[in-house]
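Novice: Starting off with a structure, shown below.
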Amino acid sequence: MEVKTTASGDAYVLELRKEKVSVAKRLVGTLWIALGIACFIIAVILFTTIIGIIPAAFICLCAIGCIYLGMAKQKVTCPNCDRTMTVLQRTRKWKCTACKRLALINWIDK
């Protein structure tokens, strides 16, 4: 991990290598995303009925959780406070929840 600062000095620029995701993790992630999309479609169908509005809201929240579980994540250490956090691999901007410092992430493929 290479750490630089921006010209203004208010943010860090991290250059991180993407961790290689195994085939099994990709398969499980794809299944979680498919389950989330299916739940979302069911929630939309239920939302069109008056009786199904409340269950549709709950199912929609479950769908969002399933899609989040299916996305690739990686551990990142904050260069300011040395805390380890989990970020999505597609994240470009990340704010440390401990010290509130902004970090810009450049992902490098292996």
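Novice: Any idea what angle helix 53-70 forms with the longest principal axis of the chain, computed on alpha-carbon atoms, 0 to 90 degrees, nearest 10?
Specialist: Value to nearest ten degrees: 40.
Novice: Same structure again: Anything over 24 Å Cα to Cα? Flag those among K75/K100; K20/K100; K20/K93, in the order listed. Display every interim value, and only then the final one.
Specialist: Details: K75/K100 17 Å; K20/K100 28 Å; K20/K93 21 Å.
From the list (K75/K100; K20/K100; K20/K93), the Cα-Cα distance tops 24 Å for K20/K100.
Novice: If you fit an axis through the alpha-carbon atoms of helix 23-47 and take the longest principal axis of the Cα set of the chain, what angle between them do you get, 0 to 90°, nearest 10?
Specialist: The answer is roughly 50 degrees.
Novice: Moving to a separate point now. Grab every C-alpha pair in the chain, bin the distances at 5 angstrom width from 0 up to the longest one, and report whole percents.
Specialist: Bin by bin from 0 Å, the calculated values are 2, 11, 16, 15, 13, 12, 11, 9, 6, 3, 1, 0.
All of the numbers you see were taken from the coordinates with simple rules; none came from a lab. The structure displayed is predicted, hence computed values, not measured ones.
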